[in-house]
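Student: Got a structure for you, written out below as structure tokens; questions coming shortly.
The values are calculated or read from the model by the stated rules, or taken from the named source; none is laboratory data. Small disclaimer: the values here were computed from a predicted structure and weren't measured. Ideal geometry is used to build each Cβ from the backbone, glycine not excepted, and the neighbour counts take in all protein chains shown. Please note that ligands, DNA and RNA were not included when accessible areas were found on the heavy atoms of the full protein model with its side chains. Shrake-Rupley method; radii C 1.70, N 1.55, O 1.52, S 1.80 Å.
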Amino acid sequence: MLKIIQKSRLSKLPLIKFVPPNYSTKPAVQEKKHFDDQIREFEKISKISQKVKTKKPQKPPFVKNLLLGIFDTDILTYPELQNEELKNLKQNLEEAKNVLEQPEIKECNQLSQQLKKLANARILGLQASQLFGGRELNATETCRLLEAISEISSKHVIVNNESLGIQTLVKFGNDRLKQKYLQRLINGESLTAFCLLEPLSSNIDVLKRTATLSSDGKTWVLNGEKRMVINGSNADLFVVIAHTNSVMKDEVGGQKFTAFLVERDFGGVTSTRHGTVDPNLEVSDIIFENTQIPIENVIGKEEMGESVLSGIYPEYRLSTGPVCIALVKNLINKMTAHFIKISREPYLLHETDAIRSKMGELTTSLYAIESMVYLTTGLLDNYENQDCELESSIVKIFASEQALLSTSSCIDLIGAEAALENHWCSQFHKEALCHVAVNDANDHLKTTIALFGLSHAGRKMNELIKKLRNPLYYGTFVFKRMWTNRKQADDNPKLNLYLHHYLHPSLINVSQQLEYCVLRLQYATEIFLSRYGQDIIKQHMELRRLGECLMDIYAMTACIGRASRAYCIGLQHAEYEMVLATSFTLSAVERVRSRLLKIIDGPYQTNDENYRKISERLFRLKKYYPVHPLTRNF
Amino acid sequence: MLPSKIIRMVVASRSITECLKVMPLTNRNLSVSTVKLCDTSEESKQVTLYRSFEDIKDKNKDTYLDMIRIFLNRDYVYRRGHVEFIYAALKNMESFGVHKDLEVYKSLIDVLPKGKFIPTNMFQVEFMHYPKQQQCIIDLLEQMEDNGVMPDYEMEDLLRNIFGNKGFPLRKYWRMMYWMPKFKNASPWLLPNPLPSDVLELAKLAIHQICSVDVQTQITVYQSRDIEDSIDDTWIVSAQSPIQRSLLRDHDVKQPVYVEGAFRVWLKSNQVNYFVLRADPKPLKTVQEDSDDVSNIKVPFMFNIKPPIKKHLQLSTSVHTQEDGVILALCATGTSSKDSLLSWIRHLEMDGNPTLADVPIVFTLKSGVKEVATVIDNEQNKEVETSK
């Protein structure tokens, strides 16, 4: 591609050189126009700055490896951009902010009309090729711009359009599709919606396909319903993940999915709009009825739906990060201003511990979110095809969860006023609620990340687990292990990862805490796997805990790495970054310690079995069953 | 004729309430001459008129309490024969329908004099002061327990006033008060107390109880008259869960399904007949999985909204798939007749089980209220036809 561009650039350069002498004596209205076109073309092409992206070879997945007790110390070096890149990014950001801060865009509810303006500022198609007018940014730069975009009220429209619709085309679309649709999207002429979720179906419907190939083999016919589609009503392009084939093996069905690009004009598309808690977020149910899709509109290849999803979703999940950063940042700034404003002598609220401690917590959690987001983007950008499946999911969960916690604690702190419907704090709260629930519910993601990690760990630990599960066959091994693990059993593992060698020396205490967590995590994983074997998939309570531990450990790593870098190179407020990292680590270690201890102790020494029992009865009786406290028996 | 004789006759012939009007006048006479008057050879040795309970025609709580009242009023100075009276009364409780009535038990205990039986020293306590009387009340309490009647605090006061704090009946009472409340609500399928007398309600309770194995079960009440050609006009309480529905949908139409019954289920002392729709058992394939092998933990599709569960290599069996058959539905009908069961099948067919139109249905009824199905080939074919 680049070669062609360079060629065209070369062929056009002499043209301009030749122009002045030829046309100097003639009234050259037409030619001038032609000349303008040339210039525009030239500008467009000359603006293309060749981006050299040399990535380092792929690394083993960081979070997955934590379960094996392997800590990749390279991660402690917080990723940074080159000076050149940073300068460009700053400039891009300035331009974008100028447009985004215009009131008609900032408070716009119907963004469809304003899309053109955004397109002119080149805010659409951040990662698309420059040939189509995109910016060809990497993940880090995209996140930074998304942070700016998150300031406007209809950010959901942009973010979803960008990270789902456009990204699908950028990553998986062939040249034809890109030519036809990507250009339109980047020019702001179209808007996409991503259709994934379907109404809950029973076992039987597993065999029901949503899309079938017509008899002549030229079109796909789509029938079915998609739920909770963001942008569903405004969009005219739909990326639809449809069920196209089923594999039957021993009466157990598996599904195959294909991704399609569907135009609204293909016919048979009806959408119903639903409001959500967050007034700025609207979702729709979309029904496709005999929608004819030409065979060229298959994205990627047939039955490649799952790989499209796994290619798109990590970065989509990651995009929750910048959105939440903007949210919490605004929240903190407003809270600070609020307390300064309402403080009166002698009640200087901002000097009380009650306010200080809460605001400190808020700042710490924002610091953690930020550190995680840019650590993950750094991993994505710096290493070839890096497996960031878990990392990006962790960012999504952590960011949205912390945002929700922050907003609810702020409502508590502000008091009665915050309960008003239009109070800024309750609006933040609603938005945070939506981040937690929409698309991937956090709770489900937590168990899933734990499972992905365990499946990775299981492959490596298989031999060990087999021995641990059959202690009578491996007597000596078991006793040896009891001896070697005696310190672990005391909850006092020997710290042999020496993480502080890779950090600023004053972070030694904190890094040892992190080390403790990683080592305990490995021990807990071994015990957890050996306790349940294959059945581990059903232990959702412990999986959830493990997922939470992974989150906290990853967050600690990010915070410590960032603070250490800041302190070493002497950034502004670096010493406070050290405090922030320390405070986050201390609170996270507490959580990790108690959760891992619960996993190690098992279901009977924790509350798990009780909850299981309580809810078993609940479902049998189908309602809250304890009798009223005033009931008498005789 | 002596007045007491008159009363005997009145008691035998008329309702007690009427005779009560005469009583105050004749009280004194009665109290002195009971023994003499009961001169039939067997009754002559009886201190009390225990036969009188059997002789009453109109047996209900009022007459029962009246009997107690007669006994009390007959002899309120030197009252005798309490024990015999109480035993006689206990024996006849069920026929009066008062065996579950706490009030009646209390008024029986109240017959005993207060204070007289209270022991005054430790030896009396140890050697069961007035043993006959104490044993009598213990038996009364035992009967209460057997009938599931829980005493109350008033009864404690009564017993304390009669036998004192150390009496055996009171100890029995305390034990009862410890255990009975605990057992009262221990049943996993607690029934309303008293049970509804409507048979339909009972049938609903019974079917509900059986179907609690699958929480998704839907219980529907059909009317058999909604089906054309049905002879009976009765209700059908039918239960089927979505799992059973899908089992029936996947059923091979060449294989017959059976309507079996009537089986019995007991609700306290009431019996309800129910029928099941059953298919032949499926052979269960068991695949041995090495649960120690963690090298290949399959994580379900990440974009699912359901919590992950283990994927099995074969179809998982539900609670409805038993060793002796696959239970597809359950019902109880008002008449338990074959016709009503046929209506049930038709209702099921219309209610989301279209497969039933094609599947041969065999009625293997063990007992029928109206007719007994005999399982011979011709009969079966006929039934198959009628069911279609």
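Student: Set the Förster distance to 45 Å, then compute FRET efficiency between B:Glu84 and B:Leu191 from the Cβ-Cβ distance, nearest 0.05. Working shown, then result.
Tutor: On the way: r = 37 Å, r/R0 = 0.82.
Approximately 0.75, to the nearest 0.05.
Student: At a probe radius of 1.4 Å, figure out the A/B buried accessible area, summed over both chains, and give it in Å² to the nearest 100.
Tutor: Details: alone 33240 and 23480 Å², together 52880 Å².
Protein heavy atoms only, the A-B interface buries about 3800 Å².
Student: For the stretch A:271-301 and the stretch B:217-261, compute the distance between their C-alpha centroids and round to whole Å.
Tutor: Between the Cα centre of the stretch A:271-301 and that of the stretch B:217-261, the gap is 40 Å.
Student: Net charge around A:Phe619, counting only other residues with Cβ within less than 15 Å of its Cβ (Lys, Arg = +1; Asp, Glu = -1)? Kindly include the intermediate steps, with their values, before the conclusion.
Tutor: Details: positive: A:Arg612, A:Lys613, A:Arg617, A:Arg620, A:Lys622, A:Lys623; negative: A:Glu616, B:Asp214.
That sum, taken over residues with Cβ under 15 Å, equals +4.
Student: Let me ask something else. Dividing the alpha-carbon radius of gyration of the stretch B:53-184 by 2.2 N^0.38 Å (N being the number of residues), what value is obtained? Can you show the working numbers first?
Tutor: Details: Rg = 14.8 Å, N = 132, 2.2 N^0.38 = 14.1 Å.
Rg over 2.2 N^0.38 Å, computed on Cα atoms: 1.05.
Student: I would also like to ask the following. Among B:263-273, A:476-486, how do they line up from the highest to the lowest mean number of other beta-carbon atoms within 10 Å?
Tutor: On the way: B:263-273: 13.8, A:476-486: 11.5.
Order by mean packing, descending: B:263-273, A:476-486.
Student: State, to one decimal in nm, how far the label point of A:Lys494 lies from the label point of B:Asn60, with both points 7 Å from Cα in the Cβ direction.
Tutor: Once both label points are built, they end up 9.0 nm from each other.
Student: For the stretch B:125-192, state what percent of all Cα-Cα pairs lands in each successive 10 Å bin, counting from 0 Å until the bin that includes the largest distance.
Tutor: 20, 49, 22, 8, 1
Student: In peptide A:529-535, what is the residue-averaged number of other protein chain Cβ atoms found within 10 Å of each Cβ?
Tutor: 4
Student: Tell me which DSSP H helices of chain A clear both cut-offs, 18 Å or more of axial length from alpha-carbon atoms and a mean Kyte-Doolittle hydropathy of at least -0.5. Mind showing how you got there, number by number?
Tutor: Values: long enough: A:2-23 (32 Å, 0.04); A:29-47 (26 Å, -1.57); A:83-100 (25 Å, -1.22); A:305-342 (54 Å, 0.44); A:353-382 (42 Å, 0.17); A:389-414 (38 Å, 0.75); A:424-437 (20 Å, 0.03); A:442-469 (35 Å, -0.42); A:508-532 (36 Å, 0.14); A:540-569 (43 Å, 0.29); A:574-601 (40 Å, 0.37); A:608-621 (20 Å, -1.33).
Going by DSSP H runs, the hits are A:2-23, A:305-342, A:353-382, A:389-414, A:424-437, A:442-469, A:508-532, A:540-569, A:574-601.
Student: Just to make sure I understand: if all protein chains stay in place, what is the order of B:Glu142, A:Glu345, A:Glu431 by accessible area at 1.4 Å, largest first?
Tutor: Working: B:Glu142 75, A:Glu345 145, A:Glu431 15 Å².
Accessible-area ranking of B:Glu142, A:Glu345, A:Glu431, largest first: A:Glu345, B:Glu142, A:Glu431.
Student: In whole angstrom, and with the biggest value first, how far do the Cα coordinates of the stretch A:62-186 range along each principal axis?
Tutor: 52, 35, 29
Student: Something else now. Determine ³J(HN,Hα), in whole Hz, for all residues of the stretch B:67-74 in sequence, where each value follows from phi through the Karplus function 6.51 cos²θ - 1.76 cosθ + 1.60 and θ = phi - 60°; x replaces Gly and Pro.
Tutor: Per residue, the Karplus-derived 3J(HN,Hα) values read 4, 5, 5, 4, 4, 5, 6, 4 Hz.
Student: Which whole number gives the average count of other chain Cβ atoms within 10 Å of the Cβ atoms across peptide A:356-366? Could you put the intermediate results ahead of the total?
Tutor: Numbers: counts 0, 0, 0, 0, 0, 0, 0, 0, 0, 0, 0.
That works out to 0 on average.
Student: Quick one: what do you get for the stretch A:209-324 if you divide its Cα Rg by 2.2 N^0.38 Å? Working shown, then result.
Tutor: Details: Rg = 15.5 Å, N = 116, 2.2 N^0.38 = 13.4 Å.
That works out to 1.16 for the stretch A:209-324.
Student: Something else now. I'd like the FRET efficiency for B:Gln216 and B:Glu156, computed as 1/(1 + (r/R0)^6) with the beta carbon distance as r and R0 of 60 Å, rounded to 0.05.
Tutor: Details: r = 47 Å, r/R0 = 0.78.
With a Förster radius of 60 Å, E is 0.80.
Student: Same structure, new question: Which of the trypsin sites (Lys or Arg not before Pro) found in the stretch A:594-634 are in a DSSP loop and have at most 12 neighbouring Cβ atoms, other than their own, within 10 Å? Each step should come with its number before you reach the end.
Tutor: Working: sites: A:Arg595, A:Lys598, A:Arg612, A:Lys613, A:Arg617, A:Arg620, A:Lys622, A:Lys623, A:Arg632; in loops: A:Lys622, A:Lys623, A:Arg632.
In loop regions of the stretch A:594-634 (DSSP not H, G, I, E or B), the sparsely surrounded trypsin sites (Lys or Arg not before Pro) are A:Lys622, A:Lys623, A:Arg632.
Student: Follow-up question, since we're still on this one. Computed FRET efficiency, Cβ-Cβ of A:His628 and B:Arg171, R0 25 Å: what is it to the nearest 0.05?
Tutor: Details: r = 33 Å, r/R0 = 1.31.
E between A:His628 and B:Arg171, to the nearest 0.05, is 0.15.
Student: Now a separate question. Hey, can you list the residues from the stretch A:443-460 whose accessible area shrinks by 40 Å² or more with all protein chains present, relative to the chain by itself (probe 1.4 Å, no ligands or nucleic acids)?
Tutor: At a threshold of 40 Å² (probe 1.4 Å), the residues of the stretch A:443-460 that become less exposed are A:His444, A:Leu451, A:Phe452, A:Ser455.
Student: Which value, in debye to the nearest 20, describes the size of the charge dipole of chain A about its Cα centre when Lys and Arg Cβ atoms bear +1, Asp and Glu Cβ atoms bear -1, and nothing else is charged? Working shown, then result.
Tutor: On the way: 80 positive and 73 negative charges, 236 e Å.
Result for chain A is approximately 1140 debye, rounded to the nearest 20.
Student: Please sort by residue number the trypsin sites (Lys or Arg not before Pro) in the stretch A:281-333 whose DSSP state is loop and whose Cβ has at most 14 other Cβ atoms within 10 Å. Please list the in-between numbers first.
Tutor: Working: sites: A:Lys301, A:Arg317, A:Lys329; in loops: A:Lys301.
Those that pass, being in a loop and sparsely packed, are A:Lys301.
Student: Using the Cβ atoms and a cut-off under 12 Å, what net charge is assigned to the surroundings of A:Gly275, where Lys and Arg are +1 and Asp and Glu are -1? If you can, show how the numbers build up before the last one.
Tutor: Working: positive: A:Arg273, A:Lys430; negative: A:Asp278, A:Glu282.
Spelling it out: positives minus negatives among the neighbours equals 0.
Student: Please express the shape of chain A as an equivalent ellipsoid: the semi-axes are the square roots of 5 times the eigenvalues of the C-alpha gyration tensor, given largest first in whole angstrom. Write out the running numbers ahead of the final one.
Tutor: Values: eigenvalues 398, 209, 162 Å².
Listed largest to smallest, the semi-axes of chain A are 45, 32, 28 Å.
Student: Long-range amide H contacts for B:Ala262: which residues qualify at under 5 Å (H placed 1.01 Å from N, peptide plane, sequence gap of 5 or more or a different chain)?
Tutor: B:Lys366, B:Ser367
Student: With the dipole of the stretch A:307-440 worked out from charges on the C-beta (+1 for Lys and Arg, -1 for Asp and Glu) around the Cα centre, which of A:Gly415, A:Val438, A:Ile332 lies farthest toward the positive end?
Tutor: Final value for the positive-end residue is A:Gly415.
Student: What is the mean number of Cβ atoms from other protein chains located within 10 Å of the Cβ atom of each residue in peptide A:619-629, rounded to a whole number? Spell out each step's value before the answer.
Tutor: Details: counts 2, 4, 3, 3, 0, 0, 0, 0, 1, 0, 0.
Mean partner-chain Cβ count within 10 Å for A:619-629: 1.
Student: Sorted by average packing, counted as other Cβ atoms within 10 angstrom per residue and highest first, what order do B:100-112, B:121-133, B:187-199 take? Don't jump to the answer; show the numbers that get you there.
Tutor: Details: B:100-112: 18.4, B:121-133: 13.2, B:187-199: 10.7.
In descending order of packing, they fall as B:100-112, B:121-133, B:187-199.
Student: Applying the Karplus parametrisation 6.51 cos²θ - 1.76 cosθ + 1.60 with θ = phi - 60° to the phi angles of the stretch A:274-282, what ³J(HN,Hα) value in whole Hz is obtained for each residue in order, glycine and proline being reported as x?
Tutor: 10, x, 10, 4, 7, x, 7, 10, 10
Student: Can you give the charge dipole size of the stretch A:307-440 about its Cα centre, rounded to the nearest 20 debye, using +1 on the beta carbon of Lys and Arg and -1 on the beta carbon of Asp and Glu?
Tutor: Numbers: 9 positive and 17 negative charges, 105 e Å.
Value, rounded to 20: 500 debye.
Student: If Lys and Arg each add +1 and Asp and Glu each add -1, what is the summed charge of the other residues whose beta carbon sits under 15 Å from the beta carbon of A:Gln58?
Tutor: On the way: positive: A:Lys53, A:Lys55, A:Lys56, A:Lys59, A:Lys64; negative: A:Asp72, A:Asp74, A:Asp381, A:Glu384, A:Asp387, A:Glu389, A:Glu391.
Value of the local net charge: -2.
Student: Here is a follow-up. In terms of modelled amide H atoms, which long-range or inter-chain residues lie less than 5 Å from the amide H of A:Phe257?
Tutor: Under 5 Å from the amide H of A:Phe257 lie the amide H atoms of A:Thr244, A:Gly305, A:Glu306, each far enough along the sequence or on another chain.
Student: Hey, can you rank A:159-171, A:215-227 by average C-beta count inside 10 Å, highest first?
Tutor: Working: A:159-171: 23.5, A:215-227: 16.4.
With the highest mean Cβ count within 10 Å placed first, the list reads A:159-171, A:215-227.
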